[in-house]
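Input: a single structure, listed below in structure tokens.
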Amino acid sequence: MSGSTLPRRALGRLLRDLRIDAGKSRLAAGLAIEVSKQTVGRVEDGIPARVSTAQFKDLLNFYGADQDSSAEVLGLLQEVRAIKGDPSSGWWRAYSDVVNPHFDHFMSLEQACSRLTGFHLTLLPGLLQTPAYRRWIMSTTDPYISAVDIDRHLELISRRQQRLAEDPDFSLEVLLSESVLRHQVGGRGTMAEQLLHLADIGSLPNVSIRVIPFDAGAHIGLVVQSFTLFEFPSLRASRTAEPPVVFVEGFTGALFLEDEGVIERHKTAVAALREVALSDDATRGLVQKIAKEYAS
């Protein structure tokens, strides 16, 4: 999945909607801007095609698109081209030299999604990590990392976390194995601080944190590896939302999964995990209890 897949896919869907609303065929659209109907189809399917900005504008005029729709199309077109050719686009790209190569794709999805659902077996996700917790992960992953690069990592994490408090349209649901709370990442003091932070951030109205306790018995989480599910808002009122994406990360690489069947399997897994997870309030109680154990 390239870094520009998401906006390119959104651009194609919006253009398809505009064409259908205008009662035009792909052939008619192609003739209007002097390209083949196959080229129009490639654009609508989110596949790269040779179409100039001027041709996109002509297409919008042909569809009779209103000002808002035209601005949205041209904005998405600019984003597609920025992601493809401009390494400075997207605020997180300033940190590209200190993160994994796949992180640009991950951040493009994280910033565009309206809902993020994660299941985690061993470690907390970045959006929930304290600086000390993150510092241990970085120093363990790369024992030779410089103090400057650690500071930049921490700055990046902090900027990502701002969205939790500043964007009421963004929701985060995290399902955690109890083992995440029990692994002593960075030592007992680090974990005590981290779990108190976890209890606090879980009280935000757009954040849900639920733990699957050890005594939940056998459940699908025992055979499903950690994953993140990104879901996206509709492009416009009454329009279909962008298809979800699942992210799975391993020690040496990462996968971005878009197949509809794979997405549905992960959604089914999320539903099953919710059935065995503690409530938000019960989770907060457990988290606070373990934090006290670490602090004692």
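The values are calculated or read from the model by the stated rules, or taken from the named source; none is laboratory data. Quantities reported herein were computed from a predicted structural model and do not represent experimental measurements. Neighbour counts are summed over all protein chains in view; Cβ atoms, including those assigned to glycine, are modelled from backbone coordinates with ideal geometry. Just the protein is used for accessible areas: all its heavy atoms, side chains included, with ligands, DNA and RNA removed. Shrake-Rupley method; radii C 1.70, N 1.55, O 1.52, S 1.80 Å.
Averaging over every viewing direction, what projected area does the convex hull of the Cα atoms of the range 26-158 cover, in nm²?
Details: hull surface 43.1 nm².
Computing the convex hull of the Cα atoms and averaging its projections yields 10.8 nm².
Taking all protein chains in place and a 1.4 Å probe, what share, in percent, of the accessible surface of the chain do carbon and sulfur account for?
Looking at the chain in its full context, I get 53 percent from C and S.
Principal axis lengths of the range 165-220 from Cα atoms, whole Å, largest first?
Here the spans come out as 33, 31, 13 Å, largest first.
Normalising by the residue count of the chain, find the relative contact order in percent from Cα pairs under 8 Å and 6+ residues apart.
18 percent
Where the eigenvalues come from the Cα gyration tensor of the chain, what are the semi-axes √(5λ) of the equivalent ellipsoid, largest first, in whole Å?
Computed over the chain, the values are 41, 21, 16 Å.
Highest mean first, how do 40-49, 210-219 rank when packing is the count of other Cβ atoms within 10 Å averaged over residues?
40-49, 210-219
From largest to smallest, what semi-axes in whole angstrom does the range 115-239 give when each is the square root of 5 times an eigenvalue of its alpha carbon gyration tensor?
Values: eigenvalues 124, 91, 39 Å².
Sorted largest first and rounded, they come to 25, 21, 14 Å.
Would you mind listing how long the range 11-84 runs along its three principal axes, going by Cα atoms, in whole Å with the largest first?
For the range 11-84, the Cα spread along each principal axis is 30, 25, 19 Å.
Just to be sure I understand: of the beta bridges DSSP finds with both ends in the chain, what percent are antiparallel, rounded to 5? Please report the intermediate quantities before stating the final value.
Working: 13 of 25 bridges.
Counting only bridges with both partners in the chain, antiparallel ones make up about 50 percent.
For the range 174-296, what Kirkwood radius comes out of the mean inverse Cα-Cα distance, in Å?
Values: mean 1/r = 0.0614 Å⁻¹.
Hydrodynamic radius (Kirkwood, Cα only) of the range 174-296 equals 16.3 Å.
Share of antiparallel DSSP beta bridges in the range 152-296, in percent to the nearest 5?
Among the beta bridges of the range 152-296, antiparallel pairing accounts for roughly 55 percent.
Residues with beta-carbon under 12 Å from that of residue 30, excluding residue 30: net charge, scoring Lys, Arg +1 and Asp, Glu -1?
Charge balance near residue 30 sits at +2.
Per residue, what accessible area does the range 118-237 have, given a 1.4 Å probe and all protein chains present, in Å²?
On the way: 5560 Å² over 120 residues.
Averaged over the residues of the range 118-237, the accessible area is 46 Å².
How much accessible surface area, in Å² rounded to 10, belongs to the heavy atoms of residue 33 with a 1.4 Å probe?
10 Å²
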